[in-house]
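This report refers to the structure that appears directly beneath it.
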Amino acid sequence: MKPAMTRPINWTKIAEQYDQMVKYATAIRTGTASTEAILRRFMKANSAHPTYQAVIELGRAQKTVFLARYLRSRELQREINSGLNVVEAWNDANQVILYGKNSEIASTNRKCRCCACGSARPPWCR
């Protein structure tokens with residue numbers, strides 16, 4: 001686990017920018033500002049924007065909490081593994097059904113796409 005633990009979380013940075021983080025989150029939630037517009041503002045400062053740095057730190061804290069829960073809880077590990085197995089089974093089935101061009105639906109023909117996805121057969125497929 002040593003490679004994952006590069007440095008401690010900077011809680012001071014999070015505390016200093018807390019009001020700004022709440023302001024941006026509220027703007028996104030209410031639709032006052034788009035996520036793209038806020039990210040553009042952060043990127044203008046070449047990732048040096050203090051609120052952006054605080055959000056990164058908060059994300060690191062969330063990941064750490066999740067990892068600790070995951071390592072401690074066998075039930076959570078089983079739940080995540082079960083969900084991954086469902087997704088893998090779906091992907092395997094799609095590779096069998098959609099065998100050409102890296103298993104992608106390449107057709108722009110609506111009839112072909114409906115049949116390839118296994119949806120209910122529309123009248124034009126009968």
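Structural remarks
- Check on LYS13, free of Cβ contacts under 8 Å to residues at least 60 places away in the same chain, open to solvent by less than 100 Å² (accessible area, probe 1.4 Å) and charged (D, E, K, R): yes
- Scanning region 44-64 for residues that are exposed (fewer than 12 other Cβ atoms within 10 Å of the Cβ) and either in contact with a Cys (Cβ under 8 Å, 6 or more places away or on another chain) or hydrophobic (A, V, I, L, M, F, W, C) (or both) returns a single hit, ALA48.
- If you go through region 1-58 and pick out every residue that is touching a Phe, Trp or Tyr at 6+ places or on another chain (Cβ under 6 Å) and small (Gly, Ala, Ser), you end up with 0.
- TYR18 being under 20 Å from the mean Cα position of the chain (by Cα) and either open to solvent by 60 Å² or more (accessible area, probe 1.4 Å) or in contact (Cβ under 8 Å) with a residue 60 or more places away in the chain (or both): no
- Pair list, Cβ < 7 Å and 6+ apart or interchain, from region 72-94 residues that are in a helix (DSSP H, G or I) to residues that are of a type outside the set (A, V, I, L, M): LEU76/ARG69; LEU76/TYR70; GLN77/TYR70; ASN94/SER103
The values are calculated or read from the model by the stated rules, or taken from the named source; none is laboratory data. Everything numeric here is computed off the predicted structure, so don't read it as measured data. For neighbour counting, all protein chains shown are included, and Cβ atoms are generated from backbone atoms with ideal geometry for every residue, glycine included. Side chains are part of the model used for accessible areas, which takes the heavy atoms of the whole protein and leaves out ligands, DNA and RNA. Shrake-Rupley method; radii C 1.70, N 1.55, O 1.52, S 1.80 Å.
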